[in-house]
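Presented below is the structure to which this report refers.
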There are 2 protein chains.
Amino acid sequence: MAVAVDLVIFTVRDGRLHVLLIERGNMPHRGEAALPGGFVRDGEALDATARRELREETGVVGDTLHLEQLHAYGAPERDPRGRIVSIAYLALGPDLPTPKAGTDAAAAHWTPVSSILHGQVTLAFDHEQILRDGLERARSQLEHTTIAAAFCKEPFTIADLRQIYEAVWGVPLDPSNFRRKVMKTDGFVVPIGERRLPEVGRPAGLFRRGPAETLTPPLMRSGNVGLR
Amino acid sequence: MAVAVDLVIFTVRDGRLHVLLIERGNMPHRGEAALPGGFVRDGEALDATARRELREETGVVGDTLHLEQLHAYGAPERDPRGRIVSIAYLALGPDLPTPKAGTDAAAAHWTPVSSILHGQVTLAFDHEQILRDGLERARSQLEHTTIAAAFCKEPFTIADLRQIYEAVWGVPLDPSNFRRKVMKTDGFVVPIGERRLPEVGRPAGLFRRGPAETLTPPLMRSGNVGLR
DNA sequence: CCAAAAGTGTTGGCTATACACCCATGC
DNA sequence: GCATGGGTGTATAGCCAACACTTTTGG
């Protein structure tokens, strides 16, 4: 029985949620889109496999990224090569560099999540289910934790942070309430005392990530409308 | 590489949270306390393994129990027999029958969770970490979902349900506010129009589980005091 | 060169809701 | 003694309005 790790890597580019997909270079499903991933090596912890694959696929040192285990998928028929149990990981990061092709991947692309949810892109194996689970986890994490800041390159503005929420949840948020909530949550963001010169509009205050990790009470989303 | 399933089975007995532990009948850790579990068989889905082990260890048909995947544990040195990745499952149920010994278990007992957290009972492998993760998941689930009702034998009173929360969270709740919250949440519980004759005090209304699954807004716990 | 408009960020107020805390009543 | 119900103050979300600061446009 083989154990693999698959990665759901999210980022937000120009206001839309994207996921990193590879074009499979080997059989099965050669040429189809799939989540990046690979097998766990002897003596390698699951988290280590995830970080290694992350590095191999995106070239990003995992320490700067949020990475958490998502779910284990083990349906007997999920992989035609045989019995493969896959541990899925969720990774969140700021607009990452254009990924390079990995060992098993012919090419890697940032793909809008909405295009997969709307059926314009189909994924190999059970990867669409994994993606949906990852999206739901990310949405939930935004409610209860401060990981939204992990999507932002520092320094960032409150509006940048709000756009993360809007992109992941697919709903517009009230700028006023959002700002109040973020500022009142101790340690969510810390001001650096500078302002961003805008192309248009009033200059926005700049912030860094704070030490806080949990949001109590949570930042609630009324309803899920979907992704733009 | 072997894949196993371990179970964190919780129930509430006389106001305290209990977990099902076995006394290991085989090496390694023979004679020590551990979570019930076993290896995934060929062609068997992960959930099926969990339900089978649940049945073998407790004699309970899994359909009546809440069962969900918790986390995958895969540290290279977690099992001296070799590389074993374990998928942990969380099961919640009403005061279950005294379990019978399973294949790999010399004996099975309901053990107060507090006795493990306070160091009076130690668990084999990394099972204490799994238990802690399961407890945290259960506490979180009580906030956001209606699974607390899964702990109650039907029919139950509002006070029964409240005792579940108090046992899992380890904090007392205001009976008045709790009642309002539960009654206002559409589909959490449905009255059956009868009353339970009490040993002392006013008779309490009886209820069954409703169709609702999520709690919006969540039922919040102010802080974690611990387990009694 | 100056004035107005447009766009974005920031601040504040109002109202409905939910909850914590306390008290009253029924059985 | 416990279940049930109500009442009040506080905190917060949703909604709305005003203001601040900048760039662009038009004379």
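The sum of -39500 (n - 2.57) across all DSSP H runs of n ≥ 4, divided by the residue count of chain A, sets its helix-only mean residue ellipticity at 222 nm to -8000 deg cm²/dmol.
Helix A:127-144 axis versus longest C-alpha principal axis of chain A: approximately 30°, rounded to the nearest ten. Between the Cα long axis of helix A:175-184 and the first principal axis of chain A there is an angle of about 90°, rounded to the nearest 10. Using a simple spin-label model with points 7 Å from Cα along the Cα→Cβ vector, what separation in nm is obtained for residue B:14 and residue B:180? For the pair residue B:14/residue B:180, the computed spacing is 3.4 nm. Look at the stretch A:41-51: the mean tally of other chain Cβ atoms within 10 Å of its residues' Cβ atoms is 3. 3J(HN,Hα) along the stretch A:163-173, derived from phi through the Karplus expression 6.51 cos²θ - 1.76 cosθ + 1.60 where θ = phi - 60°, amounts to 5, 4, 4, 5, 6, 6, 7, x, 9, x, 10 Hz, with x in place of Gly and Pro. Bridges between two residues of the protein assembly as shown, per DSSP, are antiparallel at a rate of about 75%.
Treating r as the C-beta distance of residue A:120 and residue A:77 and R0 as 30 Å, the FRET efficiency rounds to 0.70. Residue exposure proxy: B:7, B:70, ordered by other Cβ atoms within 10 angstrom of their Cβ from fewest to most, comes out as B:70, B:7. For chain B, the longest principal axis of the C-alpha atoms and the axis of helix B:46-58 are separated by about 80°. Ignoring the sites themselves, chain A has its longest run without GluC sites (Glu not before Pro) in a DSSP loop having at most 14 other Cβ atoms within 10 Å at A:78-198.
Taking other C-beta atoms within 10 Å as the exposure proxy, B:8, A:190, A:168 rank A:190, A:168, B:8 from fewest upward.
Listed by chain and number, the aspartates and glutamates whose C-alpha is less than 18 Å from the C-alpha of residue A:153, apart from same-chain residues fewer than 8 away, are A:14, A:63, A:95, A:166, A:194, A:213.
Throughout, read-outs are computed from the coordinates displayed, never taken from laboratory work. Being a predicted model, the structure only gives us computed values, none of them experimental. All Cβ positions, even for glycine, are placed from backbone atoms using ideal geometry, and neighbour counts span all protein chains on display.
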